[in-house]
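Visitor: Can you keep this structure in mind? I'll have questions shortly.
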Amino acid sequence: MTPDLNSPIGIFDSGMGGLTVMAAIRRRLPDEALVYLGDTARLPYGTKSADTVTRYALQAAGALLRFDIKLLVVACNTASAAALPALREMLAPLPVVGVIEPGAAAAVSAVPAGPIAVIATEGTVRGGAYVQAIQALSPAMPVVQAPAPLFVGLAEEGLTGGPIAEAVAARYLGPLLDTVPRPRGLVLGCTHFPVLKDTIAKVAGPDVTLIDSAETAAVRVEEVLKEKGLLNPGPPAAPKFLATDAPGRFAHLGEIFLGEPIDPGAVALVDL
């Protein structure tokens, strides 16, 4: 089927973190219909091999194609790092937006003199996707990075503030921000991390600019839809939610990331 203006934007992530991207898109483009898939049966992607993540990403994209989407958002940094070329090849000419390229561009724009620090999942750090994307735009830019895997668990348990979250943030950010010269920008390189933004900002200090890949991805989605003439004049259809496991838990915890309640009856269980 050929997508039209009223076709939805498809969004997928390994779990619920990508709902921060969905929320950012809804704020920026309130007239767009959205369908979100969380691959909750196979999360996290961040500890898996690039080949496995690519296979999962292609399966998730295939499920979203059934909704006649007009654009795909890869709301997962690990999948953006591993699977974007394969997704673009499979889905062409359908536009595909990842979160790494917009995040890298926003970081270089925010702190053009650098240095830039990146916190992400193990898979994203291991692949060096942010370093490559940032230095493709600014070859001499110093970039340091570190995995912050416990942030994912904290976010999904709703422990976004308080002494536990602050202690974990200090553990991860201390060595990273103590490098010389001290980083001036910090990329939140996982879509789970924006819900911890206040805690991360408190620990990092006021001299460090935080770059939210969810917000920057939403900006890129708007740009692509304008370029393609695919903006929906509205009104939008109700958002749809898909999960590969535990739809009730998805609805309950997803509220943390989306910023509003999710009706458990609106979350469909799907098998990839």
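The values are calculated or read from the model by the stated rules, or taken from the named source; none is laboratory data. Because the structure is predicted, anything quoted here is derived from the model rather than measured. Note that each Cβ is placed from the backbone with ideal geometry, even for glycine, and that neighbours are counted across all protein chains shown.
Visitor: Among helices (runs of 4 or more DSSP H) lying entirely in the range 6-94, which contain 3 or more residues that are under 14 Å from LEU242 (Cα atoms) and out of contact with any Lys or Arg (no Cβ under 9 Å at 6 or more places or on another chain)?
Guide: 50-65
Visitor: Would you be able to tell me the number of residues in the range 112-126 that are part of a helix (DSSP H, G or I) and crowded, with 19+ Cβ neighbours inside 10 Å?
Guide: 3
Visitor: For the range 86-111, name all the residues that are touching a residue at least 60 places away in the same chain (Cβ under 8 Å) and buried (at least 22 other Cβ atoms within 10 Å of the Cβ).
Guide: VAL97, GLY98, VAL99, ILE100, PRO102, GLY103, ALA104, ALA107, listed by residue number.
Visitor: Now for a separate question. Please find, within the range 224-248, the residue that is surrounded by the fewest Cβ atoms within 10 Å (Cβ to Cβ) out of those that are more than 15 Å from VAL270 (Cβ to Cβ) and of a type in the set (Lys, Arg).
Guide: Per the criteria, the residue is LYS226.
Visitor: Could you please give the count of residues in the range 70-88 that are touching a strand residue (DSSP E or B) at 6+ places or on another chain (Cβ under 7 Å) and farther than 17 Å from LYS48 by Cα?
Guide: Number satisfying all stated conditions: 6.
Visitor: Collect the residues in the range 52-70 that are in contact (Cβ under 8 Å) with a residue 12 or more places away in the chain, of a type outside the set (S, T, N, Q) and under 24 Å from THR121 (Cα atoms), keeping them in residue-number order.
Guide: Within the range 52-70, VAL53, TYR56, ALA57, LEU58, ALA60, ALA61 qualify.
Visitor: Quickly run through the range 216-262 and pick out the residues that are closer than 27 Å to LEU196 by Cβ, hydrophobic (A, V, I, L, M, F, W, C), in contact (Cβ under 8 Å) with a residue 40 or more places away in the chain and in a helix (DSSP H, G or I).
Guide: ALA217, ALA218, VAL219, VAL221, PHE250, LEU253, ILE256, PHE257, LEU258
Visitor: All but one of (1) modelled with pLDDT under 95; (2) touching a Leu at 6+ places or on another chain (Cβ under 6 Å); (3) within 30 Å of ALA92 (Cα to Cα) hold for THR160; which doesn't?
Guide: The single condition THR160 does not satisfy is (3).
Visitor: Could you pull out the residue among GLY38, GLY46 that is within 25 Å of GLY158 (Cβ to Cβ), at pLDDT 95 or above and assigned by TED's automatic domain parsing to the domain that holds PRO264?
Guide: On the way: GLY46 fails: at pLDDT 95 or above.
Just one listed residue meets the conditions, GLY38.
Visitor: Still on this structure, please answer the following. So if I check each of GLY127, GLY123, GLY114, which one is farther than 22 Å from GLY18 by Cβ, in the same structural domain as ALA204 (by TED's automatic domain parsing) and in contact (Cβ under 8 Å) with a residue 12 or more places away in the chain?
Guide: None of the others qualify; the one that does is GLY114.
Visitor: Quick one: would you say VAL53 is modelled with pLDDT of 90 or more, on the phi < 0 side of the Ramachandran plot and in contact with a strand residue (DSSP E or B) (Cβ under 6 Å, 6 or more places away or on another chain)?
Guide: Values: modelled with pLDDT of 90 or more: yes; on the phi < 0 side of the Ramachandran plot: yes; in contact with a strand residue (DSSP E or B) (Cβ under 6 Å, 6 or more places away or on another chain): no.
Spelling it out, it is not the case that VAL53 is modelled with pLDDT of 90 or more, on the phi < 0 side of the Ramachandran plot and in contact with a strand residue (DSSP E or B) (Cβ under 6 Å, 6 or more places away or on another chain).
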